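Since every read-out is calculated from the coordinates, none of them should be taken as a lab result. Bear in mind the structure is a predicted one, so any value in this text is a computation, not a measurement. FYI the Cβ positions are ideal-geometry reconstructions off the backbone, even for glycines, and counts take in every protein chain you see.
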Amino acid sequence: MTIDSIQNGIVLDHIRAGRAMKLYHYLELDKLDCTVAIMKNVKSNKYGKKDILKIDDDNVDINLDVIGYIDPDITVSIIKDGKTIEKKQVEAPEKLINVVKCMNPRCITTTEQEIDQIFKLTDRATRTYRCAYCESKLKEK
Amino acid sequence: MRHVIDPMDLSVAEVDELLALADDIIKDKSRYAEVCHGKKLATLFFEPSTRTRLSFEAAMMELGGNVLGFSEAASSSAAKGESVGDTVRVVSCYADIIAMRHPKEGAPMMASMKSLVPIINAGDGGHNHPTQTLTDILTIHREKGRLDNLTIGCCGDLMFGRTVHSLIKAMSRYENVKFILISPEELKIPSYIKTEVLKKQNIEYEEVTSLEEAIPKLDILYMTRVQRERFFNEADYVRLKDSYILDKAKLKGASKDLAILHPLPRVNEISTEVDNDPRAKYFDQALNGKYIRMALIMKLLGLSI
């Protein structure tokens, strides 16, 4: 199966197989009007299988923190006139703001309306995030 | 502006400074009687508490300051549906410093983001209670004259006891402190305390089930309550409950310099016959709670004599 290369847009490559849809939702790509291609289980020499997302619009504002949180090994390439003009480095962000919700039922975020959901990176080696309020470990990834 | 939300918000040097100030207050209270004149402490207690609220209020009064606030959510605007953030924002217009207790974990942290004045966490659910930890540290320091080279036994419910978790974290910052963790199998210390605090910092510890066997090795015995509701079945509770009740018989093998601490309230985990033993320090500890809160209020308000 072939999917055309894009002329102007963004390519998210080296997504761990099976994570493209999660990334699609976290990045809210469903809200875009442009063409978005989701490629699952693409053959990869490095990983065996990988996922790829192609966004056919180079003006889209991609939240790199979300990508760094999901998987800092994902590569982000900006394509202009069919050529890669920039590769963005992503890394696990120090803070995640309003990306995920605290699941601790005893946390203040469950009752206090309209406060930011904030998670802090407490261990970069294990990419452990904890709620800034109750310090519960973020389990979902 | 400085808040104290977590016991580890204060550096070792800052804790030392607070201990020295508390000791000085104890030495001559009259010198501090007017230091907070014209200042107001708001005690925002969204759930009832006896010792903590009263010791904060007594602390501010002894510093010559005034106190306002509420002692349960029902008598606050929370009953009308106001958010905690709004309540704190408004109260911070009326007071110079706020001590806050809330059943939800992280509520004081959120309050610190909204407040115009310093926030002291006076307990947020099962999460943090930094002034209790400071109270414990002051008591250990006053009783032993040091915070290093100590063997500390923590006994009872080590799984859910937030005071024990905070004490272990705080005391792990001092040299050659060893912990003996005494609990039933069902209530052992959570694994994250072992991996993220004790093992990470190479701190010597042992986990045991017998209080009698551990007691001769201890400089400090920190008692907590084994609660019936923590057990899956009644039979286990009945079998174990007496093993963790401190009485004169269990104290036989203890050192004469042992200091027995308890965050209180006590139910039956320390027999009242121990109260008159010179090693029982839990009521002194409650008194120390007032002095360390006086020191903390002064520090956060930037006041000195």
(Q) Using amide H atoms built in the peptide plane, which far-off residues or other-chain residues are under 5 Å from B:Gly253 H to H? (A) none
Q) Which of the aspartates and glutamates could be linked to A:Lys120 by a straight reach, that is with a Cα gap under 13 Å, when you skip same-chain ones fewer than 8 residues away? A) A:Asp65, A:Glu94, A:Glu135
(Q) Can you give me the long-range amide H partners of B:Leu68? Hydrogens built in the peptide plane at 1.01 Å from N, cutoff under 5 Å, separation of 5 or more residues or another chain. (A) B:Leu41, B:Ala42, B:Thr43
Q.
Test of understanding: in a Gaussian network model of chain A with alpha carbons linked when under 10 Å, which of A:Leu32, A:Leu121, A:Leu12 would top the mean-square fluctuation ranking?
A. A:Leu32
Q: Out of all DSSP beta bridges with both ends in the protein assembly as shown, state the antiparallel percent to the nearest 5.
A: 45 percent
Q | Lone cysteines, chain A (no partner Cβ under 4.7 Å) | A | A:Cys34
Q: Please say if chain A is rounded, prolate or oblate, where rounded means a/c under 1.5 for a ≥ b ≥ c the square roots of the C-alpha gyration tensor eigenvalues, and otherwise the choice is prolate for a/b larger than b/c and oblate otherwise?
A: prolate
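Work out which helices of chain B, taken as complete DSSP H runs, extend at least 20 Å along their axis over the Cα atoms and score a mean Kyte-Doolittle of -1.0 or more, then list them. The partial results should precede the final answer.
Values: long enough: B:12-27 (22 Å, 0.80); B:130-144 (21 Å, -0.66); B:282-301 (28 Å, 0.43).
Those that pass (Cα extent of 20 Å or more, hydropathy at least -1.0) are B:12-27, B:130-144, B:282-301.
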Q: Please go through region B:204-305 and write out the trypsin sites (Lys or Arg not before Pro) that DSSP classes as loop and that have at most 13 other C-beta atoms within 10 Å.
A: B:Lys248, B:Lys252, B:Lys256
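Please state the shape class of the protein assembly as shown: rounded when a/c is under 1.5, otherwise prolate if a/b exceeds b/c and oblate if not, all from the C-alpha gyration tensor. Write down the numbers at each step before the final one.
Values: a/c = 2.54, a/b = 1.72, b/c = 1.48.
Prolate, because a/c is 1.5 or more and a/b exceeds b/c.
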Q: With θ set to phi - 60°, apply the Karplus curve 6.51 cos²θ - 1.76 cosθ + 1.60 along region B:68-82 and write out the HN-Hα couplings as whole Hz, x wherever there is a Gly or Pro.
A: 9, x, 9, 10, 7, 4, 4, 9, 10, 6, 4, 5, 8, x, 5
Q) So for B:Glu269, B:Glu234, fewest C-beta neighbours within 10 Å to most, what's the order? A) B:Glu234, B:Glu269
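Pairs B:Lys104/B:Lys256; A:Lys95/B:Lys194; A:Lys40/A:Lys87: which exceed 31 Å Cα-Cα?
Working: B:Lys104/B:Lys256 41 Å; A:Lys95/B:Lys194 26 Å; A:Lys40/A:Lys87 21 Å.
Pairs exceeding 31 Å: B:Lys104/B:Lys256.
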(Q) What distance in nm separates the two pseudo spin-label positions at A:Thr110 and A:Leu32, each 7 Å out from Cα along the beta-carbon direction? (A) 3.6 nm
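Using the Cα gyration tensor of region B:218-305, with a ≥ b ≥ c the square roots of its eigenvalues, what is the shape: rounded (a/c below 1.5), prolate (a/b larger than b/c) or oblate (neither)? It would help to have the intermediate numbers written out before the result.
Numbers: a/c = 3.36, a/b = 1.70, b/c = 1.98.
Since a/c reaches 1.5 but b/c is at least a/b, the shape of region B:218-305 is classed as oblate.
What number, rounded to the nearest 500 deg cm²/dmol, is the helix-based mean residue ellipticity at 222 nm of chain B, given -39500 (n - 2.57) per DSSP H run of at least four residues and division by all its residues? Working shown, then result.
Working: 9 runs with 104 residues, N = 305.
For chain B, the value works out to -10500 deg cm²/dmol.
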Q.
Exceeding 19 Å between C-alpha atoms, which entries from my cross-link table qualify? They are A:Lys22/A:Lys83; A:Lys22/A:Lys80; B:Lys144/B:Lys281; B:Lys199/B:Lys281; A:Lys22/A:Lys49.
A. A:Lys22/A:Lys83; A:Lys22/A:Lys80; B:Lys199/B:Lys281
